[in-house]
Amino acid sequence: MKIKKLSEETEFTVSIRSLIAFSVAIFTLVGVWFEIKYDIQEAKELPATVITRVEYDLQIKDLEKDLDDIKEQIRIASEHFFHGDFED
């Protein structure tokens, strides 16, 4: 395969389908860019979220319950693995 040198006489062909696809991609990216900028600006103007002590305590209790459930699942899995009890 011979590599051609670029010059003023070099021809470059692009199909209409490729131009349309490229244009749609550019317009989509620009649209996403402006949508993200708008969302960021809107988020900056929103009031800060305030978490009360009660909400915080409830979240901690939920996390502790989830952690206890995970510990129990690990304990059961370990018993099955080390004792060869795979029937449950």
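None of the figures in this text is laboratory data; all of them are computed from the coordinates on show. All values reported here derive from a predicted model rather than from experimental measurement. In this analysis, Cβ positions are derived from the backbone assuming ideal geometry, glycine residues included, and neighbour counts consider all displayed protein chains.
Structure above, values below:
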| read-out | value |
| --- | --- |
| Residue identified as under 24 Å from the mean Cα position of the chain (by Cα) and either surrounded by 10 or more Cβ atoms within 10 Å (Cβ to Cβ) or aromatic (Phe, Trp, Tyr) (or both) among 36, 70, 76 | 36 |
| Filter pass, residue 82 being hydrophobic (A, V, I, L, M, F, W, C), assigned to a helix (DSSP H, G or I), exposed (fewer than 10 other Cβ atoms within 10 Å of the Cβ) and out of contact with any Leu (no Cβ under 7 Å at 6 or more places or on another chain) | yes |
